[in-house]
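The values are calculated or read from the model by the stated rules, or taken from the named source; none is laboratory data. Since the structure is predicted, the reported quantities are computational estimates derived from the model, not experimental observations. Virtual Cβ from ideal backbone geometry, glycine too; neighbours counted across all protein chains shown.
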Amino acid sequence: MQQTIVKPWSPQTWRNFPIKQLPDYPDRELLEKCYDELKMYPPLVSSWEIEGLKEQLSKAEMGKAFLLQGGDCAETFADCNSPHIVKLLKVLLQMSFIMLHEMHIGVIRVGRIAGQYAKPRSSNTEQVGSDKYPVYRGDITNSFEFDELGRNPDPKRLIEAYHKAGLTLNFIRALTEGGGFADLNHPEYWELDFMRENEYYNEYESMVKSITNAIKFMEGILPSELTTLKHVEFFISHEALNLYYDSAQTRKVPHKTGYYNLSTHMPWIGNRTRAIDEAHVEYCRGIENPVGIKVGPPYDIKELIEVIKTINPKNESGKITLITRFGQENVAKELPSVIESIHQENLNVLWSCDPMHGNTFATTDGIKTRDFNAILSDIKQTFAVHRDLKTNLGGVHLEMTGEEVTECVGGANGLEENGLKRNYRSFCDPRLNYEQSLEMAFLISKEWKISKDSGV
Ligand code: PEP
Ligand code: CO
């Protein structure tokens with residue numbers, strides 16, 4: 001009988017592998033000092049929460065729940081403030097209620113927040129005129145300020161990231177568990193005015209009426225149990241890119257086997273760092289958390305299958321979320337064979353769609369943007385491919401914010417390219433704004449219903 005020899009693993013074995021997208025820290029001594037400091041701090045999340053999320057993702061895999069994952073492309077330290085956090089939370093909750101109302105299944109809310117500080121980049125340096133400095137790799141590494149000091153990779157930022165993530169998560173917990181913010185009875189919670197011009201306004205208004213009537217009805221008959229409506233579950237996620245951050249917070253917990261990344265509930269591996277023989281896959285194969293894997297061009301299907309088997313050797317359900325990001329021009333051509341290959345291997349994965357990263361383009365003025373219609377078309381085509389193959393699309397992964405930014409064109413309000421500069425705030429990729437996000441939630445629900453009606 002052939003025996004598989006499992007290679008030894010520890011939170012640090014990734015250091016023996018080639019790694020992409022990790023900054024070259026000039027001060028190695030300070031880096032190790034910060035790493036050791038980070039190892040001492042208390043965890044941000046618990047293994048119980050992580051296991052709870054895995055269980056829910058396993059339900060989504062079977063079509064009994066839907067994953068709504070979203071937030072900034074690059075979270076910044078400056079975003080660690082009340083309005084930014086409240087607005088993202090609010091829009092994600094509202095989207096989830098729209099989806100819940102339309103789909104009649106549980107919606108799993110996962111923010112790209114409280115740790116989404118590291119960014120992969122296509123070049124190591126940035127040049128403006130004759131000045132050339134290291135590229136901005138997210139606030140966990142360096143600053144957006146374009147000068148020598150700002151762009152220097154600073155290990156102390158790993159510690160600052162931990163503190164900012166902790167503060168952000170603490171506020172999220174207070175809002176979602178404290179009983180006020182998530183209380184559906186709050187009238188301001190359902191404010192509609194900004195939607196008045198939107199073609200979905202009437203649908204949205206009647207849906208809100210139906211939800212508030214249901215709450216009133218329940219209040220009449222079950223006053224003591226209503227408290228459960230005042231709490232909502234919310235999880236956090238980030239790209240496990242700067243492995244100093246993730247591995248320093250990867251630990252064993254009492255009464256459980258294995259290691260947990262206790263900095264976040266759901267880390268994911270980006271499209272550029274999922275090579276089978278490299279550090280990010282090595283790190284992710286040792287943790288108990290559910291792991292997202294982004295997949296889009298370029299990819300090698302055999303390698304992808306190896307990566308999935310390496311990270312999920314027991315083929316556990318709820319463990320792997322495969323986040324496909326092909327772009328509207330390629331998805332219909334490329335996604336079917338990926339699904340068929342994974343299916344042939346009998347691998348358990350939750351299929352999720354990232355309609356953002358395959359649909360980015362630059363305007364003639366050089367502004368990075370995405371078109372609402374392209375994003376929607378990607379989602380529609382992804383649903384259609386899954387329908388044809390009788391597989392289940394169980395989630396979406398969006399770059400979005402609760403703020404009134406002008407970063408993506410299109411949507412019911414018809415933002416045009418010449419309006420992008422009005423409030424373009426992203427340091428990295430363009431996000432759906434508040435109204436575009438709510439509208440997208442409606443449209444996703446409609447596609448989901450078409451799949452259900454067709455028997456998938
Ligand atoms: C991202 O999610 O911001 C990202 C960089 O995506 P991808 O790895 O899919 O390119
Ligand atoms: Co992005």
- Checking Leu100 against (1) at pLDDT below 95; (2) within 16 Å of ligand 2 (Cβ to nearest atom), which single condition isn't satisfied? (2)
- Taking segment 66-84, which residues are closer than 22 Å to Leu241 by Cβ, part of a helix (DSSP H, G or I) and more than 16 Å from ligand 1 (Cβ to nearest atom)? Phe77, Ala78, His84
- Do we find a residue being within 28 Å of Arg425 (Cα to Cα) and over 23 Å from the mean Cα position of the chain (by Cα) anywhere in segment 367-376? yes
- Tell me, please, whether a residue that is of a type outside the set (Val, Ile, Thr) and not in a helix (DSSP H, G or I) can be found in segment 92-105. yes
- Condition set without any contact (Cβ under 8 Å) to a residue 40 or more places away in the chain and over 22 Å from the mean Cα position of the chain (by Cα), scope segment 385-414, selection nearest to Tyr201 (Cα to Cα): answer is Gly414
- Options Pro42, Pro11, Pro18: the member that is of a type outside the set (Gly, Ala, Ser), in contact with a helix residue (DSSP H, G or I) (Cβ under 9 Å, 6 or more places away or on another chain), more than 26 Å from Thr273 (Cα to Cα) and assigned to a loop (DSSP other than H, G, I, E, B): Pro42
- Is there a residue in segment 59-71 that is at pLDDT 95 or above, under 30 Å from Glu102 (Cβ atoms), surrounded by 11 or more Cβ atoms within 10 Å (Cβ to Cβ) and of a type in the set (Lys, Arg)? yes
- Message: Is it the case, given these coordinates, that Tyr283 is within 16 Å of ligand 1 (Cβ to nearest atom) and either at pLDDT 95 or above or part of a loop (DSSP other than H, G, I, E, B) (or both)?
- Response: yes
- Filtering segment 442-453 for residues that are crowded, with 22+ Cβ neighbours inside 10 Å and either modelled with pLDDT under 95 or within 16 Å of ligand 2 (Cβ to nearest atom) (or both) leaves a count of 0
- Query: Only one residue in Lys294, Lys309 is more than 16 Å from ligand 2 (Cβ to nearest atom) and at pLDDT 95 or above. Which one?
  - Reply: Lys309
- Query: Hey, does segment 413-427 have a residue that's hydroxyl-bearing (Ser, Thr, Tyr), under 21 Å from Asn81 (Cβ atoms) and at pLDDT below 95?
  - Reply: yes
- Could you check, for segment 292-301, whether at least one of its residues is assigned to a strand (DSSP E or B) and out of contact with any Ser or Thr (no Cβ under 6 Å at 6 or more places or on another chain)? yes
- Query: Can you name the residue in segment 106-123 that is closer than 18 Å to Ile323 by Cα and assigned to a strand (DSSP E or B) and, of all such residues, is farthest from ligand 1 (Cβ to nearest atom)?
  - Reply: Val107
- Search segment 354-379 for residues being surrounded by fewer than 21 Cβ atoms within 10 Å (Cβ to Cβ) and among the charged types (D, E, K, R), and hand back the single one that is farthest from ligand 1 (Cβ to nearest atom). Asp365
- Taking segment 107-133 and keeping only residues that are surrounded by 14 or more Cβ atoms within 10 Å (Cβ to Cβ) and over 16 Å from the mean Cα position of the chain (by Cα), one is left with Arg121, Glu126, Tyr133
- Residues of segment 248-261 being on the phi < 0 side of the Ramachandran plot, in a loop (DSSP other than H, G, I, E, B) and not charged (D, E, K, R), in sequence order, are Gln249, Val253, Pro254, Thr257
- Filter segment 262-280 down to the residues that are closer than 22 Å to His357 by Cα, in contact with a Pro (Cβ under 9 Å, 6 or more places away or on another chain) and in a loop (DSSP other than H, G, I, E, B), then identify the one that is farthest from ligand 2 (Cβ to nearest atom). Ala275
- Query: Limited to segment 134-158, what total is found for residues that are surrounded by fewer than 20 Cβ atoms within 10 Å (Cβ to Cβ) and among the β-branched types (Val, Ile, Thr)?
  - Reply: 1
- Task: Scan segment 56-83 and report the pairs whose first residue is more than 24 Å from Tyr136 (Cβ to Cβ) and whose second residue is hydroxyl-bearing (Ser, Thr, Tyr) and modelled with pLDDT of 95 or more, with Cβ atoms within less than 6 Å and a gap of 6+ or a chain change.
- Result: Ser58/Ser317; Glu61/Ser317; Leu67/Ser352
